[in-house]
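Chemist: Okay, handing you the structure first.
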Amino acid sequence: MSTADFTAAPQDHDWTSAAVAKIEADFNRSADTHLIKLNLPCLDGVDLYLKDESTHPSGSLKHRLARSLFLYGLCNGWITKDSPITEASSGSTAISEGYFARLLGLPFIAVMPAGTAAEKVAQIEFYGGECRFVDEPGAIYAEAERLAEDLGGHYMDQFTFAERATDWRGNNNIAESMFAQMGRERFALPRWVVVSAGTGGTASTIGRFIRYRSGAFGQTQLCVVDPENSVFFDFYRTGDRGLTTERGSRIEGIGRPRVEPSFLPTVVDRMIQVPDAASIATVWWLETILGRKCGASTGTNLYGALQLIAEMLERGERGSVVTMICDPGERYLDSYFDRDWLAAEKLDIAPCLEQLEGFSKTGKLG
Ligand SMILES: *Cc1c(COP(=O)(O)O)cnc(C)c1O
């Protein structure tokens, strides 16, 4: 009897090992992100925290994802010496992947919806990446995949791999870091964690971690907030995986035109749909408390957190609520912080600003 035998083309393990070492060293040089306690006079018996993911070297929570996706691609043998990297992105992921592609000396091409914030495009190009645009928000995936095939490169596919590239059991993932930083607070076990979903990866990591460590964090519930022009909320409500929208989300980084594979509804306890005007008004309001600007998805997160807090106060419940700053507002000076842009989009933030002023005084979101 003879055996069949086939040897694959040899891979350059020295290059892979050097690439992994570069990413690990970059991680070792990085500090953890802050957990900010937001003190509001109306919050009597409920404490509110913001995990500040805007302070990563590449400026958003996507720094964690990009690091995980590169390590996953390298250790799977998908990213090799000289492989061009492509990605479908609304911008933040592409900035962070551009950062890591430069670190490894790999070419990087981002495929984005037309109209992505100019500041984001400039940052991708700053890291040496190239930007290509498509008119239909739903066309980014196929175009990024086609480009990788044509170039003999690797399509990162964040929307598929976000939930599995991250070490959800720990390794200082966002959940482990957040819960550890809550350790010395008076309500160390959060009642709610509130996040928004782009890939759904952050929600999946936190939701799994809550279950994995349910001995410690079993009383914590996960709420996902969703903007207008996104299918996640209706998918969560109906279970219909085939839902799509034509119009892209106006809240950059979150809300998707299709149900993304990395969004896992079974780890989510509740969803709240937040109007875009409320998301934007909330970051204007937050600036008056924090002294700096944040991206609009931070507003979506915070508005959802305030709704949950108002419910807790109403019931006389005590506890803590943790949510997140996703990226800095400087990326959006010509959109969310520009009155002409708001007018052109027919977004009136005045009523919601008034509502938030009221909340500051009374703890009611009436
Ligand atoms: C990606 C992103 C999110 C959502 O995070 P996911 O883990 O992808 O669901 C929120 N805000 C911003 C600015 C983002 O870029």
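The values are calculated or read from the model by the stated rules, or taken from the named source; none is laboratory data. None of these values were measured; they are calculated from a predicted model. Here Cβ is always computed from backbone atoms with ideal geometry, including for glycine, and neighbour counts include all displayed protein chains. Please note that ligands, DNA and RNA were not included when accessible areas were found on the heavy atoms of the full protein model with its side chains. Shrake-Rupley method; radii C 1.70, N 1.55, O 1.52, S 1.80 Å.
Chemist: Mind counting the residues in the range 339-366 that are on the phi > 0 side of the Ramachandran plot and free of Cβ contacts under 8 Å to residues at least 12 places away in the same chain?
Modeler: 1
Chemist: Now a separate question. Among the residues of the range 211-235 satisfying the criterion of being part of a helix (DSSP H, G or I) and touching a strand residue (DSSP E or B) at 6+ places or on another chain (Cβ under 6 Å), which is most open to solvent (accessible area, probe 1.4 Å)?
Modeler: Within the range 211-235, the subset part of a helix (DSSP H, G or I) is 211-212, 214-217, 232-235.
So of that shortlist, the ones also touching a strand residue (DSSP E or B) at 6+ places or on another chain (Cβ under 6 Å) come out as 232-233.
Numbers: F232: 0, F233: 42 Å².
Going through the qualifying residues, I end up with F233.
Chemist: R164 fails exactly one of the following numbered conditions: (1) within 19 Å of E53 (Cβ to Cβ); (2) not in a loop (DSSP other than H, G, I, E, B). What is the number of that condition?
Modeler: Checking R164 against (1) within 19 Å of E53 (Cβ to Cβ); (2) not in a loop (DSSP other than H, G, I, E, B), the one that fails is (1).
Chemist: Another question, then. How about the range 45-72: which of its residues are on the phi > 0 side of the Ramachandran plot and surrounded by fewer than 21 Cβ atoms within 10 Å (Cβ to Cβ)? So that I can check it myself, show each step before the final result.
Modeler: Just the residues of the range 45-72 that are on the phi > 0 side of the Ramachandran plot, to begin with: 45, 59.
Within the range 45-72, G45 is the sole residue that qualifies.
Chemist: Next question, about the same structure. Can you tell me which residues in the range 257-275 are closer than 21 Å to D327 by Cβ, touching a strand residue (DSSP E or B) at 6+ places or on another chain (Cβ under 9 Å) and within 14 Å of the ligand (Cβ to nearest atom)?
Modeler: The answer is F263, V274.
Chemist: Of the residues that sit in the range 293-312 and are farther than 16 Å from Y49 by Cα and in contact with a strand residue (DSSP E or B) (Cβ under 9 Å, 6 or more places away or on another chain), which one is farthest from the ligand (Cβ to nearest atom)? Working first, answer last.
Modeler: From the range 293-312, those farther than 16 Å from Y49 by Cα are 293, 295-296, 311; that's our starting set.
Narrowing further to those that are in contact with a strand residue (DSSP E or B) (Cβ under 9 Å, 6 or more places away or on another chain): 293, 295.
Values: K293: 13, G295: 5 Å.
Only one residue fits best here, namely K293.
Chemist: Follow-up. Taking the range 73-102, which residues are open to solvent by 20 Å² or more (accessible area, probe 1.4 Å) and within 16 Å of the ligand (Cβ to nearest atom)?
Modeler: The answer is S90, Y99.
Chemist: Suppose we filter E345, E330 for residues that are away from the ligand (no atom under 16 Å from the Cβ) and charged (D, E, K, R); which single one remains? Working first, answer last.
Modeler: Numbers: E330 fails: away from the ligand (no atom under 16 Å from the Cβ).
Among E345, E330, only E345 is away from the ligand (no atom under 16 Å from the Cβ) and charged (D, E, K, R).
Chemist: I would also like to ask the following. Give me the pairs: first residue in the range 314-338 and within 25 Å of G207 (Cα to Cα) and part of a loop (DSSP other than H, G, I, E, B), second residue open to solvent by less than 10 Å² (accessible area, probe 1.4 Å) and away from the ligand (no atom under 13 Å from the Cβ), beta-carbon distance under 7 Å, and six or more apart or on different chains, which are they?
Modeler: These pairs meet every condition: R318/G45; R318/V46.
Chemist: Given the criteria touching a helix residue (DSSP H, G or I) at 6+ places or on another chain (Cβ under 6 Å) and crowded, with 19+ Cβ neighbours inside 10 Å, does S196 qualify? Outline the logic, then answer.
Modeler: Values: touching a helix residue (DSSP H, G or I) at 6+ places or on another chain (Cβ under 6 Å): yes; crowded, with 19+ Cβ neighbours inside 10 Å: yes.
Spelling it out, S196 is indeed touching a helix residue (DSSP H, G or I) at 6+ places or on another chain (Cβ under 6 Å) and crowded, with 19+ Cβ neighbours inside 10 Å.
Chemist: Restricting attention to the range 1-41, which residues are among the hydroxyl-bearing types (S, T, Y), within 29 Å of S320 (Cα to Cα) and either in contact with a strand residue (DSSP E or B) (Cβ under 8 Å, 6 or more places away or on another chain) or open to solvent by 90 Å² or more (accessible area, probe 1.4 Å) (or both)?
Modeler: Result: T33, single match.
Every residue, every condition in (1) over 20 Å from the mean Cα position of the chain (by Cα); (2) at pLDDT below 95; (3) over 16 Å from F263 (Cα atoms); (4) not assigned by TED's automatic domain parsing to the domain that holds L71, yes or no:
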residue	(1), (2), (3), (4)
E143	yes, no, yes, no
L147	yes, no, yes, no
D150	yes, no, yes, no
H154	yes, no, yes, no
I174	no, no, yes, yes
S177	no, no, yes, yes
M182	yes, no, yes, yes
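Chemist: Identify all residues within the range 236-278 that are under 12 Å from D226 (Cβ atoms) and polar (S, T, N, Q); write none if there are none.
Modeler: T245, S249, Q273
Chemist: Return only the number of the condition from (1) within 11 Å of the ligand (Cβ to nearest atom); (2) assigned to a loop (DSSP other than H, G, I, E, B) that R186 does not satisfy.
Modeler: (1)
Chemist: Quick check, is S279 within 11 Å of the ligand (Cβ to nearest atom), at pLDDT 95 or above and either open to solvent by 10 Å² or more (accessible area, probe 1.4 Å) or farther than 25 Å from D47 by Cα (or both)?
Modeler: Values: within 11 Å of the ligand (Cβ to nearest atom): yes; at pLDDT 95 or above: yes; either open to solvent by 10 Å² or more (accessible area, probe 1.4 Å) or farther than 25 Å from D47 by Cα (or both): no.
No; evaluated as a whole, the condition is false for this residue.
Chemist: On to the next question. R241 is checked against (1) in a loop (DSSP other than H, G, I, E, B); (2) open to solvent by 20 Å² or more (accessible area, probe 1.4 Å); (3) within 14 Å of the ligand (Cβ to nearest atom) and fails just one. What number does that condition carry?
Modeler: (3)
Chemist: How many of the residues in the range 117-140 are open to solvent by less than 20 Å² (accessible area, probe 1.4 Å) and touching a residue at least 40 places away in the same chain (Cβ under 8 Å)?
Modeler: Matching residues across the range 117-140 total 3.
Chemist: Name, by its number, the condition in (1) at pLDDT 95 or above; (2) among the β-branched types (V, I, T); (3) farther than 25 Å from L308 by Cβ that does not hold for V121.
Modeler: Evaluating V121 over (1) at pLDDT 95 or above; (2) among the β-branched types (V, I, T); (3) farther than 25 Å from L308 by Cβ leaves (1) as the failure.
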